[in-house]
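Report on the following structure.
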Amino acid sequence: MLAYVRKVLPPMSDTERDAIAAGTVWWDADLFSGKPDWEKLRRYPKPALTPEEQAFLDGPVTQLCAMLDDWQIRRDGDLSEEAWNFIRTEGFLGIIIPKAYGGLGFSALAHSNIVIKISSRSVTGGVTVMVPNSLGPAELLLRYGTDQQRNYYLPRLARGDELPCFALTGPEAGSDAAAISDSGVVCYADYKGQRTLGIRLTWNKRYITLAPVATILGLAFKLHDPEHLVGDKDDIGVTLALIPTDHPGVEIGRRHFPAGQSFQNGPTHGKDVFIPMEWVIGGQKMIGHGWRMLMDCLAAGRAISLPGLSTAAAQFCARNTGAYARIRRQFGISVGKFEGVEEPLARIAGTAYALEAAGRLTASAIDHGEQPSVLGGILKYHATERMRQCMNDAMDVHGGRAIMDGPRNYLFGTYMSVPVAITVEGANILTRSLIIFGQGAIRGHPHILKEIEAAAIKDGDEALARFDEEFFRHLRDLSSNMFRAWFHNWTGAFLAHTPHVNGVEWIYRRLHANAVTFAAVADVAMGLLGGELKRKESLSARLGDVLSDLYIMSCVLKRYEDDGAPAEDMPLIEWNAREAFYRIQTRFDEVLVNFPVRWAAWLMRAVAFPLGRHRRPAKQRLMRACAQLIMSPGAVRDRLTVGIYVDRDPTHATGRIENAFAAAVERDRIEDKIRASHKGPRKGSPDIALLIRDGVITQGEADALARAIATVREAIDVDDFDPAEIASREESEPHGLQRRAAAG
Ligand SMILES: Cc1cc2nc3c(=O)[nH]c(=O)nc-3n(C[C@H](O)[C@H](O)[C@H](O)COP(=O)(O)OP(=O)(O)OC[C@H]3O[C@@H](n4cnc5c(N)ncnc54)[C@H](O)[C@@H]3O)c2cc1C
């Protein structure tokens, strides 16, 4: 078996090994074992902000949100000067920097909540704040910087005296970031009048967020030492350095124009630029460790920034689309009452619940010391994909109202930004196909990594002894998982040890059965395909989908209990559960249909589906219940959208909708009264004077109805422009930006 395992093991490059080794495993390992300990999850402390963090959210974050007008930002091509100053001076660039260095020193949970609130107002605002706090100079310095670098840069970053960016991507190296052609050569040169050991750098980077306005550039490049000035290796490997952007030779300042958004993003170049060795992050001892440093930082960052932005979008869609579906009437009724519209509304509501649940728990795990790289990948992919679906659904429900761009349109800017979230921090197809299961299978699996390590041992006897021990444990777990999966799928996990929580026991049981089945199927797939599974992306992507659904459903159940198991939230839990179980069933089926070893596919089919494929998606009744929750005012709607900025100013885009929603609720109440009296016509306008005379409604109610109808009418209006205004805008975008950038 050892010989067989050595043969089927995937050949692994150093960069792959670093990527796989990055971060830690947590609940993902429980799911991979096929024996998830639900009590462990339930006992996990309820995520909570400190009073100071809450005060920051209620104070400066709310103030910043009030300053952000996304339409104006998109027109101006930048945040206002007032917003930029506020971001710098109030500490937004130092959320993750410890207090000792003058930063806010907030938790990952607070960081995530701040990103959610700002992004719900403006994607440009959200990206501008999230990037310096995510994978970038501050995080790298905190983990790897020398004392001198930390003491110099961190207080300056926290105060906003420095604006950072981080450049990895280049024209030839996108997803395959390890293929960067940017290079540095170790050499001596004259620097500030002294012969100094350093690096002569040449780079060509693109897509770099904040680069056009950055004062320090974090740069990833491959380091070479042909003269062996620092060791005996020619090629040292990926190295990271921090370079002030006013350093001679650094070319920076031109802008890309990403998906109509106005956050700062652009290329940077440099040719034969000499930097002293002390500018390498972590100093000379960290040369060649850049890839591992990046992977470690990405492990945590990926779980916060883009999932936060996606949660913001989902909550924003839930609040405003639910409201609009009630306000807007066609064929005499609110459009949200049509069965066809209930379906997207339910999806939006359910997604807003699940994304908040997953973001909250994962951020909390980071605060408890985890660097959940697999879970970060799950969140990055699924949060952004589900956000994409939410945005499409919200656009569909709004119809033309969301298509006509202008200051009244509160959806279009975020809708356009969706591909940004899909592409950055690991483009989604790659993340789904390679990272989630690929990394999860090796890191989360209880035995695989140990077997790989044993197989790599050169000494034959020791390799055999270590391998034997692990392999037989593995075999025992595999046969146990196969049997338990078959048994639980027969019995609906009736005898599984799952928690007793009112109303959701059945979800725990099915989740348990699915987790055991996943462990068994994943094990057989890895055992029979070995390294070949890496190339069978369609299989590993689908197994990754199952793992992701198991994780996100675990988060949903955890949130439900942490929130005090409110009965009113039950439709959202049930919708998520039914959709997840149906999806899991479909993914298992797709894996088995495509599995190349046919006898094993049939065996696994007998284990996974002993009673056939009998899970069904959410029924219309359930979708209606979910849709109603976001079309009605109340605690559930407020709880579902708790993270976002709610504007109540009726002259602003979303404030107008909030106002009209309240008016529509009043309108519907009065009209119900009229309808119930059988004195109002079924169609057309009722004769109000007659209704007052007959005592059906009071004069006050008649006035309120007239006011509500006018408010609603105003809210469905869209913008129109003087043709000259549109022509001048077209002229100014994006060429105007280039002109401005070129002019400095
Ligand atoms: C708005 C924006 C901001 C950015 N900010 C920064 C920044 O600040 N710093 C920085 O360094 N970079 C930044 N990036 C770069 C970003 O990380 C890359 O765009 C990303 O890594 C993808 O690279 P690519 O665009 O070249 O796509 P490509 O690598 O060309 O990929 C094209 C497609 O192929 C798929 N694909 C590639 N390989 C595989 C595979 N093995 N299996 C399956 N599918 C695969 C991808 O998923 C994608 O769908 C930014 C990009 C954008 C758009």
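Laid out as a table, the results:
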| item | result |
| --- | --- |
| Any hit, segment 572-593, residues being in contact (Cβ under 8 Å) with a residue 60 or more places away in the chain, aromatic (F, W, Y) and touching a Gly at 6+ places or on another chain (Cβ under 8 Å) | yes |
| Test: residue in segment 348-359 that is within 14 Å of the ligand (Cβ to nearest atom), under 24 Å from R587 (Cα atoms) and part of a helix (DSSP H, G or I) | no |
| Whichever residue in segment 498-512 is out of contact with any Phe, Trp or Tyr (no Cβ under 8 Å at 6 or more places or on another chain) and not aliphatic (A, V, I, L, M) and, among such residues, is modelled with the lowest pLDDT | N502 |
| Of residues in segment 222-232 being without any contact (Cβ under 8 Å) to a residue 60 or more places away in the chain and touching a Gly at 6+ places or on another chain (Cβ under 8 Å), the one farthest from the ligand (Cβ to nearest atom) | D225 |
| Residue satisfying condition, being at pLDDT 85 or above and closer than 19 Å to V8 by Cβ, within set A522, A515, A493 | A522 |
| Pairs, first under 19 Å from P132 (Cα atoms) in segment 237-265, second acidic (D, E) and crowded, with 18+ Cβ neighbours inside 10 Å, C-beta under 8 Å, six or more apart | S262/D78; Q264/D78 |
| Every residue from segment 414-448 that is charged (D, E, K, R) and within 13 Å of the ligand (Cβ to nearest atom) | E425, R432 |
| Given (1) within 13 Å of the ligand (Cβ to nearest atom); (2) surrounded by 19 or more Cβ atoms within 10 Å (Cβ to Cβ); (3) more than 21 Å from W26 (Cβ to Cβ), number of the condition E451 does not satisfy | (1) |
| Pairs with Cβ under 7 Å, 6+ apart, first in segment 417-435 and over 19 Å from S120 (Cα atoms), second more than 8 Å from the ligand (Cβ to nearest atom) and hydroxyl-bearing (S, T, Y) | N428/Y381; N428/T384; T431/Y381; R432/Y381; S433/S540 |
| Matching residues, segment 278-290, being assigned to a helix (DSSP H, G or I) and closer than 16 Å to I216 by Cβ | E278, W279 |
| Cross-chain or 6+ apart pairs with Cβ under 6 Å, segment 200-217 first and closer than 16 Å to A179 by Cα, then within 11 Å of the ligand (Cβ to nearest atom) and assigned to a strand (DSSP E or B) | K205/A167; K205/T268; R206/P267 |
| Count of segment 146-159 residues which are crowded, with 20+ Cβ neighbours inside 10 Å and either of a type in the set (D, E) or within 27 Å of the chain's Cα centre (by Cα) (or both) | 3 |
| Residues located in segment 201-215, provided they are assigned to a helix (DSSP H, G or I) and crowded, with 24+ Cβ neighbours inside 10 Å | A211 |
| Any hit, segment 470-479, residues being surrounded by 15 or more Cβ atoms within 10 Å (Cβ to Cβ), among the aromatic types (F, W, Y) and out of contact with any Lys or Arg (no Cβ under 8 Å at 6 or more places or on another chain) | yes |
| Qualifying residue in segment 563-571 (condition: over 18 Å from R43 (Cα atoms) and crowded, with 23+ Cβ neighbours inside 10 Å) | yes |
| Which listed residue is assigned to a strand (DSSP E or B), crowded, with 16+ Cβ neighbours inside 10 Å and at positive phi, from G218, G237, G198 | G237 |
| Residue match in segment 33-44 (condition: touching a Gly at 6+ places or on another chain (Cβ under 8 Å), of a type in the set (A, V, I, L, M) and assigned to a helix (DSSP H, G or I)) | no |
| Some residue of segment 239-249 being more than 16 Å from the ligand (Cβ to nearest atom) and more than 22 Å from A138 (Cα to Cα) | yes |
| Restricting segment 258-277 to residues that are assigned to a loop (DSSP other than H, G, I, E, B) and in contact with an Asp or Glu (Cβ under 8 Å, 6 or more places away or on another chain), the residue that is farthest from the ligand (Cβ to nearest atom) | S262 |
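The values are calculated or read from the model by the stated rules, or taken from the named source; none is laboratory data. Quick caveat: nothing in here was measured; it's all calculated off a predicted structure. Cβ sites come from the backbone with ideal geometry, for glycine too, and all protein chains shown count toward neighbours.
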